[in-house]
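To keep things clear, I will list the structure first and then write my remarks on it.
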Amino acid sequence: MVNPLIDEIFYLLLEQPVWKVHTLTSALSESGKIEQLDNDPQKDLFKRNFLVMNALYQLQTQLAPEQQLQIASLHIELVNEQISNALENHDPLRDYYLDWQNYDTTSDEIDAMLTDFWQRFSSYSPKRVILSLSQQQLLELQQAWQLPTNFSEKQLQKRWRQLALKHHPDRQGCAIEFKKIQLEYEQLKASCS
């Protein structure tokens, strides 16, 4: 089934190539392209999100390989470059949103997904994913971050804030770069203690 939002989203991406899912959904709602889809507010939000994500993934497929549509919740971007095998990788999220049977998800299933998400989110600890750095890697990272050799935690925090403000997705930064500097910050912090 062809999603009626595909063209509307494409026009918005032509006007502004970088979006977030929630800002894209808001723009579509404000222009009257998405109306209320369910009386249950939680199901209505789910269905709106589903339609937007489904349209994005269909559009991604239609544009490839001439253009690349990067899709992440905090960063939707239309990139004007050819890509070769970007859609060949298995993407469970894309598979989920392209399956129209998931549109009519029950309230119980939505609750279960939200509960699962929040449980995984609350148990997430950045320290678990920190890879220890070799001495050489630490020196290279210090130079990249423009930190002195024997930096203090206060110097590290100040530099972190500067980089975070520069790269944060809510400030027109790149979500991928922001996640990278988050990990680097945790690695530097671990080596500082």
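The values are calculated or read from the model by the stated rules, or taken from the named source; none is laboratory data. No experiment lies behind these values; they were computed from the predicted model shown. Here the Cβ is made from the backbone with ideal geometry for all residues, glycine too, and neighbour counts use every protein chain on show. The accessibility values were calculated without ligands, DNA or RNA, using every heavy atom of the protein model including side chains. Shrake-Rupley method; radii C 1.70, N 1.55, O 1.52, S 1.80 Å.
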- Query: With r defined as the distance between the Cβ atoms of LEU114 and GLN172 and R0 fixed at 30 Å, what FRET efficiency is calculated, to the nearest 0.05?
  - Reply: 0.55
- In segment 19-84, the GluC sites (Glu not before Pro) that sit in a DSSP loop and have at most 11 other Cβ atoms within 10 Å of their own Cβ are GLU35, GLU66, GLU81
- Checked segment 5-108 with the C-alpha gyration tensor, a ≥ b ≥ c its square-rooted eigenvalues, rounded below a/c of 1.5, otherwise prolate if a/b is larger than b/c and oblate if not; verdict oblate
- Note on the structure: Averaged per residue, the 1.4 Å probe accessible area of segment 1-48, protein heavy atoms only, in Å², is roughly 60 Å²
- Item | Cα centroid separation, segment 143-193 to segment 10-46 (Å) | 33 Å
- Give the angle, between 0 and 90 degrees and rounded to the nearest 10, that separates the Cα long axis of helix 107-123 from the longest principal axis of the Cα atoms of the chain. 10 degrees
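Which percent of the Cα-Cα distances in the chain go past 29 Å? The partial results should precede the final answer.
Numbers: 7392 of 18528 pairs.
The answer is 40 percent, as a whole percent.
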- Measure up LYS20/LYS189; LYS43/LYS158; LYS47/LYS166; LYS43/LYS179; LYS47/LYS179 against 32 Å on the Cα-Cα distance and list the ones that go over. LYS43/LYS158; LYS47/LYS166
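Full extension from LEU183 to GLU35: what is 0.36 nm times the residue separation minus their Cα-Cα distance, to one decimal in nm? Let's see the in-between values first.
On the way: separation 148, 0.36 × 148 = 53.28 nm, distance 3.95 nm.
That pair, LEU183 and GLU35, stretches by 49.3 nm at full extension.
Hey, with R₀ at 41 Å, roughly what FRET efficiency would GLU140 and LEU93 work out to, going by the Cβ-Cβ distance, to 0.05?
After rounding, the FRET efficiency stands at 0.80.
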- Item | Stokes-Einstein D for segment 146-193, Kirkwood Rh over Cα pairs, 37 °C, 0.692 mPa s (µm²/s) | 298 µm²/s
- Query: Once you charge only the Cβ atoms, +1 for Lys and Arg and -1 for Asp and Glu, what is the size of the charge dipole of the chain about its Cα centre, to the nearest 20 debye?
  - Reply: 1340 debye
